[in-house]
Each structure stands twice: as C-alpha cells, then as structure tokens.
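**Q** Structure provided below as structure tokens; questions to follow.
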Amino acid sequence: MTIPLNLQGQVAIVTGASSGLGYHFAQTLAAAGAKVAVAARRTDSLSDLVRKISAEDGRAIPIRLDVTDPQSISACIATAETELGPITILVNNAGIAVTKPALEIEQDEWNRVIDTNLNGVWHMAQQVARHMVRLGHGGSIINIASVLGERATGYVAGYCASKAAVINLTRALSIELARYDIRVNALAPGYIETDINREFLHGEAGEALKKRIPQRRFGQVQDLDGALLLLASEASRYITGSVITVDGGQSAAI
C-alpha cells in the first residue's frame with residue numbers, strides 16, 4: 001500500500017518563508033511536488049529560496065507579504081492563484097517574539113506580537129478558506145503553533161498567549177470548515193535549531209534546557225518534515241482540529 005504523501009498538482013502558500021522554519025517548509029513542500037508561493041515581509045532571502053527550489057526542479061514564486069495587512073494578504077493570494085493555480089495548502093508560519101519580563105513589555109510590543117502571531121494567522125486562514133470555498137475545492141490549512149501554546153515559560157508572555165490562541169483558533173476553524181472539505185490543523189514544534197536561535201541553544205542556558213528534553217537533543221528542521229507532509233497531503237484526509245507536537249518529548253516531561 002502506498003501512503004499518499006505526494007503533493008503533485010498542489011499549490012501552497014508558506015508565510016514567513018524568508019528564514020527559519022518557513023524557509024525549510026517551502027523546500028519540503030516543493031520537494032514533494034507542490035508549487036509554492038514563498039511569502040514574507042523581507043524579500044531579499046526569497047530570491048535565494050526560489051533559486052534553491054528551482055535548482056531541484058521545483059516551482060516557486062516570491063511574494064512580498066505583511067500578514068498584519070489584510071490588503072497585502074488579498075494581493076498575495078491573488079498573485080499565487082494567477083501564477084500557480086488554485087491554492088490547496090496554506091502553511092501559516094509567520095511569527096515573532098519579544099523576549100522581555102512581563103512587567104517591562106510595552107503596549108506596542110504586545111500588540112505587534114498578537115497582530116502578527118494571532119491576527120495574521122486568522123486573516124490568512126480566513127482569506128485562503130474563502131478562496132477555497134469560492135473555487136469549490138478543499139484543502140489543508142496548517143497553523144504553526146508551539147509547545148509554548150500549551151505549556152508556558154517566562155519572558156515571552158505575548159508569544160505564549162498568541163500561540164495558545166492559535167491552537168484554539170485552529171480547533172474552531174476546523175469545525176466550521178469541515179463541511180467544505182477544508183482541514184485545519186496545528187503543528188507545534190518544540191525547540192528546533194535555526195540560524196535565529198542557534199547561539200542561544202548552544203550556550204549555557206541552552207545546555208540546561210536540553211537536559212529537560214527526554215531525547216536530550218534539540219530538534220532539526222528536518223524533524224518536522226514528516227508531520228508537515230502528513231498534514232499537507234491526503235494522508236491526513238480524516239485529521240482536522242488536531243495539534244501535532246514535535247518536541248522530543250519535552251512537553252510530556254514537564
């Protein structure tokens with residue numbers, strides 16, 4: 001029996017694709033056969049990403065996107081549809097964090113985190129779902145949450161709150177959109193090593209953190225590939241409203 005993880009004929013949008021997880025997610029989806037619109041506010045890295053995907057015989061286009069701006073979202077979706085075809089996969093990955101004690105967070109910092117991590121996910125999901133309903137086809141919306149959406153830590157109150165909200169938003173949307181054959185699930189990574197956090201994870205604080213992870217290691221971006229492809233493909237056709245946690249057992253041990 002063949003597991004249907006192939007994404008040939010699918011069109012995906014990946015937000016926050018200029019670096020980190022989004023950069024890798026786009027390559028993973030393209031390698032599985034999807035055509036990918038790579039979207040981010042910073043477009044300098046997107047050209048490099050498109051070249052890498054093209055070099056592996058994939059198809060990708062770069063789109064400037066600000067997920068806090070509904071008009072920017074509308075333009076992104078229209079461009080992706082025109083250039084690549086009907087959108088069947090959304091990876092809602094764009095997100096930020098402000099690392100500060102709760103008593104020192106400024107109002108604009110709090111608003112920026114919530115506007116990007118929660119409102120951005122909501123607006124992207126809503127507009128892509130409208131696109132899918134309008135064209136009469138189903139699809140998969142994958143919201144990138146975090147283990148910190150279900151367990152909290154200090155100094156990132158806005159991030160924890162926003163990711164917890166994303167998880168419950170995922171469940172709520174899954175109930176309403178199931179009738180349109182649209183699956184909505186969340187992927188909750190633990191500590192995954194990227195260029196952004198590598199210095200911290202390999203420092204003294206990171207080494208202490210690693211001891212609380214049962215597998216005694218931090219995740220690599222490739223460790224998310226299986227869960228991502230499961231949720232993006234028809235292999236998850238009876239999975240919706242779920243949260244898949246990929247954290248080396250960290251949340252189980254807390």
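**Q** Taking the criterion of being surrounded by fewer than 21 Cβ atoms within 10 Å (Cβ to Cβ), closer than 13 Å to Leu177 by Cβ, of a type outside the set (S, T, N, Q) and touching a strand residue (DSSP E or B) at 6+ places or on another chain (Cβ under 7 Å), would at least one residue in the range 106-128 satisfy it?
**A** no
**Q** Go through the range 156-166 residue by residue and tally those that are buried (at least 23 other Cβ atoms within 10 Å of the Cβ) and not in a helix (DSSP H, G or I).
**A** 0
**Q** Could you list, in sequence order, all residues of the range 190-209 that are outside any loop (DSSP other than H, G, I, E, B), more than 23 Å from the chain's Cα centre (by Cα) and either closer than 22 Å to His24 by Cα or touching a residue at least 12 places away in the same chain (Cβ under 8 Å) (or both)?
**A** At the first step, the residues of the range 190-209 found to be outside any loop (DSSP other than H, G, I, E, B) are 192, 198-201, 204-209.
Restricting the remaining residues to those that are more than 23 Å from the chain's Cα centre (by Cα) gives 204-209.
Gly206, Leu209, listed by residue number.
**Q** Just need a number here: residues in the range 234-254 that are under 14 Å from Pro189 (Cα atoms) and at pLDDT 95 or above.
**A** The initial filter retains those residues of the range 234-254 that are under 14 Å from Pro189 (Cα atoms), namely 242-252.
Applying the additional criterion that residues be at pLDDT 95 or above yields 242-246.
Final tally of qualifying residues: 5.
**Q** Is there any pair linking a residue in the range 215-241 that is at positive phi to one that is hydrophobic (A, V, I, L, M, F, W, C) and modelled with pLDDT under 95, with Cβ under 8 Å and at least six apart or on different chains, and which?
**A** none
**Q** Now for a different question. In the range 58-100, what residues are surrounded by fewer than 16 Cβ atoms within 10 Å (Cβ to Cβ), small (Gly, Ala, Ser) and either in contact with a Pro (Cβ under 9 Å, 6 or more places away or on another chain) or within 24 Å of Ala186 (Cα to Cα) (or both)?
**A** Across the range 58-100, the qualifying residue is only Ser74.
**Q** Right, something else. So if I check each of Val121, Val128, which one is within 26 Å of Leu229 (Cβ to Cβ), touching a helix residue (DSSP H, G or I) at 6+ places or on another chain (Cβ under 8 Å), in contact (Cβ under 8 Å) with a residue 60 or more places away in the chain and not basic (Lys, Arg)?
**A** Going through Val121, Val128 in turn, the sole match is Val128.
**Q** Within the range 140-153, take every residue that is hydrophobic (A, V, I, L, M, F, W, C) and outside any loop (DSSP other than H, G, I, E, B) and give me the one that is farthest from Leu209 (Cα to Cα). Step through it out loud before you land on a result.
**A** We begin by selecting, within the range 140-153, every residue hydrophobic (A, V, I, L, M, F, W, C); these are 141-142, 144-145, 147-148, 152.
Subsequent filtering for residues that are outside any loop (DSSP other than H, G, I, E, B) retains 141-142, 144, 147-148.
Numbers: Ile141: 31, Ile142: 27, Ile144: 22, Val147: 14, Leu148: 14 Å.
It comes out as Ile141.
**Q** Now for a separate question. Listed residues Leu231, Leu209, Leu201, Leu177; which is modelled with pLDDT of 95 or more and in contact with a helix residue (DSSP H, G or I) (Cβ under 8 Å, 6 or more places away or on another chain)?
**A** Leu177
Yes/no per residue for (1) over 30 Å from Asp181 (Cβ atoms); (2) modelled with pLDDT under 95; (3) among the hydroxyl-bearing types (Ser, Thr, Tyr):
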position: Gly33; (1), (2), (3): no, no, no
position: Thr43; (1), (2), (3): yes, yes, yes
position: Leu65; (1), (2), (3): no, no, no
position: Asp69; (1), (2), (3): no, no, no
position: Ile73; (1), (2), (3): no, no, no
position: Glu83; (1), (2), (3): no, no, no
position: Glu104; (1), (2), (3): yes, no, no
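**Q** Hey, does the range 167-187 have a residue that's crowded, with 16+ Cβ neighbours inside 10 Å and farther than 25 Å from Leu230 by Cβ?
**A** No; the residues of the range 167-187 include none that is crowded, with 16+ Cβ neighbours inside 10 Å and farther than 25 Å from Leu230 by Cβ.
**Q** Collect the residues in the range 209-235 that are closer than 30 Å to Gln8 by Cα, of a type in the set (S, T, N, Q) and surrounded by fewer than 18 Cβ atoms within 10 Å (Cβ to Cβ), keeping them in residue-number order.
**A** In the first step, residues of the range 209-235 are kept if they are closer than 30 Å to Gln8 by Cα; the result is 219-235.
Keeping just the survivors that are of a type in the set (S, T, N, Q) gives 220, 222, 233.
Across the range 209-235, the qualifying residues are Gln220, Gln222.
**Q** Testing His137 on (1) out of contact with any Ser or Thr (no Cβ under 6 Å at 6 or more places or on another chain); (2) in a helix (DSSP H, G or I); (3) surrounded by fewer than 23 Cβ atoms within 10 Å (Cβ to Cβ), one condition comes back false. Which one is that?
**A** Here His137 meets the rest and fails (2).
**Q** Before we move on, is Asp108 touching a residue at least 40 places away in the same chain (Cβ under 8 Å) and of a type in the set (D, E, K, R)?
**A** It is false that Asp108 is touching a residue at least 40 places away in the same chain (Cβ under 8 Å) and of a type in the set (D, E, K, R).
**Q** Quick check, is Ala172 in contact with a helix residue (DSSP H, G or I) (Cβ under 9 Å, 6 or more places away or on another chain) and of a type in the set (A, V, I, L, M)?
**A** Answer is no for this residue.
The values are calculated or read from the model by the stated rules, or taken from the named source; none is laboratory data. Everything numeric in this text was worked out from a predicted model, so none of it was measured. Every residue, glycine as well, gets a Cβ built from its backbone with ideal geometry; the counts of neighbours run over all protein chains shown.
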